[in-house]
Amino acid sequence: RCNCRKPEPGLLLSAAKSYGIDLNRSVLVGDALTDVLAGKRAGCRTVLVLTGRGQSALDALHEDPSTIPDAVARDLQSAAPIISRMVGEAEPDDAVGRSAPAEHAALPVQAQPRAYAPAAFVPAGSKR
C-alpha cells in the first residue's frame, strides 16, 4: 500500500519537503475522515466540511475517535474564518466557527471538518 494515499500522510509530507511548508502551522480541509486522519498524521490541524461526503463523515465520527477534526464547518466559505483563526491571521475576538450549524457546537472549535473538493491544503508558514 502506497503511503501517498489517504489516510497515510506521504503526499503531504512530500509536498512539505518540496515546498518548505510547515505542516504544524498548516490546515488540511476535507470532507472525509481519511482527509482528517491524513492531516493529523502529517501534523496539520484539520477542518471537516459538511459538503460532499462531509455529513456522512460527521455521522461516522463516533466509530473512530482518532478521526475527530479540530473543527467542523458547513462549507469552505464557512471554514475560511476558522482557518484564518487557526493560522493566527484573525483578530483574537473573531468568532471562530459561528457559521457552523448549531448541532455541531459540541465539537471543539479547533476541530472543524473541511468542505467538499479534493483535500484542500492550506500551506500556512510556507517558505515561498
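The values are calculated or read from the model by the stated rules, or taken from the named source; none is laboratory data. These figures come from a predicted structure and were not determined experimentally. A quick note on method: Cβ atoms are made from the backbone with ideal geometry, for glycine too, and the neighbour counts reach across all protein chains shown. For accessibility, only protein heavy atoms count, side chains too; no ligands or nucleic acids. Shrake-Rupley method; radii C 1.70, N 1.55, O 1.52, S 1.80 Å.
Can you tell me which residue in segment 25-60 is nearest to Ile82 (Cα to Cα), limited to those that are over 12 Å from the mean Cα position of the chain (by Cα) and of a type in the set (S, T, N, Q)? If we take residues in segment 25-60 being over 12 Å from the mean Cα position of the chain (by Cα) and of a type in the set (S, T, N, Q), then Thr51 is nearest to Ile82 (Cα to Cα).
Only one of the numbered conditions (1) touching a residue at least 24 places away in the same chain (Cβ under 8 Å); (2) more than 16 Å from Pro69 (Cα to Cα) is not met by Ser18, and that is (1). Per this entry, Ser56 is counted among residues that are surrounded by fewer than 17 Cβ atoms within 10 Å (Cβ to Cβ) and either in contact with a strand residue (DSSP E or B) (Cβ under 9 Å, 6 or more places away or on another chain) or not in a loop (DSSP other than H, G, I, E, B) (or both). Entry remark, segment 59-82: residues being part of a helix (DSSP H, G or I), modelled with pLDDT of 90 or more and open to solvent by 60 Å² or more (accessible area, probe 1.4 Å) number 2 in total.
The set of residues in segment 50-87 being over 15 Å from Asp31 (Cβ atoms) and among the hydroxyl-bearing types (Ser, Thr, Tyr) consists of Ser66, Ser84. The residues of segment 21-60 that are closer than 14 Å to Leu11 by Cα and of a type in the set (Lys, Arg), listed by number, are Lys40, Arg41.
So that you can scan it fast, the table gives a plain yes or no per residue for (1) closer than 18 Å to Gln77 by Cβ; (2) assigned to a helix (DSSP H, G or I); (3) open to solvent by less than 60 Å² (accessible area, probe 1.4 Å):
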position	(1), (2), (3)
Arg5	no, no, no
Leu12	no, yes, yes
Lys17	no, yes, no
Ile21	no, no, yes
Val29	yes, no, yes
Ala38	no, yes, yes
Thr51	yes, no, yes
